[in-house]
Amino acid sequence: MAEYEMFKTTLMGGYDKEEVQEQIQRLKDEMAENQEAFKKQLEEKDARIAELQKRIELKEDYQARLEEDIKEKYQKYIDNYESIGKLVFEAQVKADTLEKETKEKCDKMLQDAEEEAKRKVESVQAEIDDKLLEGKKKYLAVQEEMNGIVELINQAQKRFMSSYKEVHHIISSMPTSLNDLEEDVEMELHEMEAGKAENPETDKEEELHLGDTQELDFLDSVEDIAELEEFDEEDEEEDEDSKLALQISKLLSEEDEAILEEELEDL
């Protein structure tokens, strides 16, 4: 229905009765429908309120039961509060005493361990010093012995150089080769033959004497060469031995010095 609804009028100037009644009936019907709807809403709300009220009551009952349970469970603790406080205090005192005793024992154990470690370090240090002193003595003894060996080697080298110079002088004074020696012999023979033609008897004696002399000189030269070769071989062997001895001395000296340096660094 519109907000403002106009009724139809009659010829006499009044409203149409049927139309007015129809309109009134429609209004009644609408009001009845609205009342039913409102009634239904009220019923639903009442039901909701009742449900909520019931849930509230249930919650209140549950809360009351919880409070009762809590009261029953913790009432003995509440009743024994003083006893519990006393127990807590005694436990705290015992804990403090135990902590103090434990700290004292730990400090004592730590002090004993430090003293024991200090004694062991001093003992080990004394042993190291003894071994180092002994090693130093051995090193000095070996060094002294090696110095003696080196001195002997130096003397042998000096004697070798002297002998070598002497041999070299002998070699330089000899003919350079056997061919030169043969040429000298042939020249002397040629001169002797020329003199023999002038004085046969004298030449014969000189030839005999010269032949013996030349033969002896030749044999002496051969023996000198053989001795020189043998001497050179011995010198080579001595030279190799000298080099080997020097290498051994050098290696031993380097090893001893390295050992001594390590021991000094440890100190």
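Quick look at the values:
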quantity: So residue 117, is it in a helix (DSSP H, G or I) and at pLDDT below 70; calculated: no
quantity: Among (1) at pLDDT below 85; (2) touching a helix residue (DSSP H, G or I) at 6+ places or on another chain (Cβ under 9 Å) - the single one residue 122 does not satisfy; calculated: (2)
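The values are calculated or read from the model by the stated rules, or taken from the named source; none is laboratory data. The model shown is predicted, which means the values in this text are computed figures rather than measured ones. Note that we place each Cβ from the backbone using ideal geometry, even for glycine, and neighbour counts take in every protein chain shown.
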